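Any read-out appearing in this document is the output of simple, stated calculations on the displayed coordinates, not a laboratory observation. The structure displayed is predicted, hence computed values, not measured ones. A quick note on method: Cβ atoms are made from the backbone with ideal geometry, for glycine too, and the neighbour counts reach across all protein chains shown.
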Amino acid sequence: MFKFRLESLLSYRKFIEDKLQRELNEFKRLLEEEKEKMKAYKDKRKLILDKLKEKECEDLSITELTVCISFIEILSEDIEQQKKMLKEMDDKLEQKRQDLIEAQKKKKMLEKLKLKQWKFYLHDLNKKEEKFLSEVTINRFNQK
């Protein structure tokens, strides 16, 4: 009966790979949410700028203009912070990808070893079977 000595390690490596894959997928989802926030900030800023351009010809009070400019500045700061966060998240995402690739390599290495040992086991089993059959044949021949 074939038994791979490192089966528990292989199971552990599969578990780690699955865990890293789930983490990567969750992180991608979070990154997409943050990209949507960035888009929303940019859309708001563009909307306000467009409204300001429309009202250029009209009389705007200083208060309205000050509020719009302040809001645009706040949105611009939010956009810059979001850019920094997205850059950090992209770097972290790449690290998670690398971790997953490394885990996949380790698991694949064990799977190859298991397959190699399985083939060796089958080869050894076939040799034993051939030897047994040869002995049976020899014993029958000698009995005659």
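Descriptive notes on the structure:
- Qualifying position, being part of a loop (DSSP other than H, G, I, E, B) and not acidic (D, E), among L30, L60, L47, L20: L60
- Filter pass, L133 being surrounded by 12 or more Cβ atoms within 10 Å (Cβ to Cβ) and part of a helix (DSSP H, G or I): no
- One residue stands out among those in segment 10-46 that are touching a residue at least 12 places away in the same chain (Cβ under 8 Å) and under 11 Å from the mean Cα position of the chain (by Cα): the one that is surrounded by the most Cβ atoms within 10 Å (Cβ to Cβ), which is E17.
- Within segment 63-90, residues that are over 19 Å from F27 (Cβ atoms) have Cβ atoms under 8 Å from residues that are aromatic (F, W, Y) and part of a helix (DSSP H, G or I) in these pairs: L75/Y41; D78/Y41; I79/Y41, counting only partners at least 6 apart in sequence or on another chain.
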